Every structure is written in C-alpha cells, then in structure tokens.
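Written below as structure tokens is the structure these notes are about.
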Amino acid sequence: MDPDREPIQIVENFTLVQSSDGYRSWRLVSEEAVYTEGDSLLLLSVVDLIFFEDDIPTTILKGDSGLVELQSGLMRIWGNVNAETDDGRYLVTQEIIWDDEMEIFHSDCLVVLTIPDSTGETVLSGRGVDLDTGLGAVDGVDIEEDFTAVYSGDLELE
C-alpha cells in the first residue's frame, strides 16, 4: 500500500464546524472519519450536515457516507441522502455535492424535492439540480433533465 494513502487518523464521533463572524455556518457530524494525509481527504460514515443562519439550525442533510476534499472544500454525500429545512422543504436523492466556495448543493442523480405551501405541496423531480442551503433554487428552478412537477392541494381560481 502506498504510504501516502494509508489512513493517518481514524476518529469516532467526528465533528467539523465552519463559522463566520462568531456564528456557525455549518456543522458536519459523522460516526467515523478516516483522514488520509497524502490526498487531504476525509472519508465519513453516517453523515449529518447541518446549516445555520444566525447560529440557528435551518437545514439538516443526512446520508450514509461522505467524502470531504479538504483542499477544494467539496463535500460529497451519498447513500439514502435526505434533507429537511425549517420551513418544511424535503429533498431525497442518492448523492449530492456541497460546494463550500460557491455555497450550493449539486446533484446529477435523480432528486425529489417537496415544497409545501399553505394549501398543499409541489413535488419537483429531475436530474442535474443546483440548490442553496435552504433547498431553494439558485437563479430560479433549473433541473437539467427528466423534469416533472406535481402540485397537490387546493387551486383557487377566481
């Protein structure tokens, strides 16, 4: 085995926090993290990624596994990925990437996003989506392929 690729450190109950101006931006929690120095990678098992606004949790994303590229700031989370916001938006996919520099989620996998409103909910699905930390669209809804939208609720026609 290449010595640069051997695990340098294995940490159980791993937590990584990013803050700005004394407030947490996000917190990454994992049951286990394996750090490889040669690649500057963290391989994670059972992942929770929590986003904050004014130090209050607003979005919680969960997945079976993850990989953090410490050089680029990219986080890839895969396996039964789901996220929920404090306003009830709910996302399900198999893989998603958090780009810390651009502050967006991206997925080329099938994504199902449920958006509630006062009379029902809209379910959007498709592949190739960019979302902000509140699971809102970046520059409008942009799903690259296989787009569907279904609304269930009361439609008030005047």
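Bear in mind these aren't lab numbers, they're just calculated from the coordinates by the rules spelled out. Worth saying up front: this structure is predicted, and the values here are computed from it rather than measured. When we count neighbours, we look across all protein chains shown, and the Cβ atoms used for this are built from the backbone with ideal geometry, even at glycine.
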Would you please give the FRET efficiency between Val46 and Thr148, computed as 1/(1 + (r/R0)^6) with r the Cβ-Cβ distance and R0 = 30 Å, to the nearest 0.05? 0.45
With a 10 Å Cβ neighbour count serving as the proxy for reagent exposure, in which order, fewest first, do Glu31, Glu101 appear? Glu101, Glu31
Cβ charges +1 (Lys, Arg) and -1 (Asp, Glu), total dipole of the stretch 3-153, debye: 360 debye
Among Ser40, Ser118, Ser72, whose mean-square fluctuation peaks in a Gaussian network model of the chain (Cα, cutoff 10 Å)? Ser118
Between Ile56, Ile96, Ile77, where does the largest GNM mean-square fluctuation fall for the chain, given springs only between Cα atoms within less than 10 Å? Ile56
Out of Gly22, Gly126, Gly79, a Gaussian network model of the chain with alpha-carbon springs under 10 Å gives the largest mean-square fluctuation to Gly22
Please label the shape of the chain as rounded, prolate or oblate, based on the square roots a ≥ b ≥ c of the eigenvalues of the alpha-carbon gyration tensor (a/c under 1.5 means rounded; beyond that, a/b larger than b/c means prolate, else oblate). prolate
